[in-house]
1. Given only helices, namely DSSP H runs of n ≥ 4 each adding -39500 (n - 2.57), what is the per-residue ellipticity at 222 nm of the chain, to the nearest 500 deg cm²/dmol?
2. List the residues, sorted by chain then number, that are 5 or more residues from LEU49 or on another chain and whose placed amide H is less than 5 Å from its amide H.
3. LYS57: which lysines have alpha carbons under 18 Å from its alpha carbon, excluding same-chain residues fewer than 8 sequence positions away?
4. Extension gain LEU91-GLN35, at 0.36 nm per residue separation less the Cα-Cα distance, in nm?
5. When only C-alpha pairs under 8 Å and at least 6 residues apart count, what is the relative contact order of the chain, in percent?
6. Taking every pair of distinct Cα atoms and averaging 1/r, then inverting, what Kirkwood hydrodynamic radius in Å comes out for the range 21-86?
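Here, each number is a calculation from the coordinates, and none is a lab measurement. Since the model is a prediction, treat every value here as computed from it, not as a measurement.
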Amino acid sequence: MRKLNDLTTWSEYEKRLSKRKGFQKLSDDYEPRFQLVRSLISARLKKNLSQKDLANKIGTKQPVISRLENMESYPTFSFLERVSRALDTKLHIYFQ
């Protein structure tokens with residue numbers, strides 16, 4: 001049994017998780033959403049905008065941005081276009 005003060009790196013934890021039944025499928029299923037959210041957060045931070053600042057720029061409330069960044073909502077294409085314009089970035093959606 002591991003002691004409380006033993007440190008686990010993310011890669012060690014991920015390796016243990018990957019051995020669990022169904023983990024890889026779940027990970028694969030969420031990967032596109034994760035990539036979208038990661039790029040959104042990165043673009044927002046590059047512009048030095050808080051969630052509230054971004055929400056104000058697109059005419060919504062901060063909790064909407066929070067739910068998007070926490071992958072708790074499914075944004076529409078038009079919403080993503082508004083976010084893209086507010087961040088002065090290009091929106092690319094493609095199949096690979």
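1. -19000 deg cm²/dmol
2. none
3. LYS46, LYS47, LYS90
4. 18.9 nm
5. On the way: 46 pairs, mean separation 19.4, N = 96.
Once divided by the residue count of the chain, the mean separation gives 20 percent.
6. 12.5
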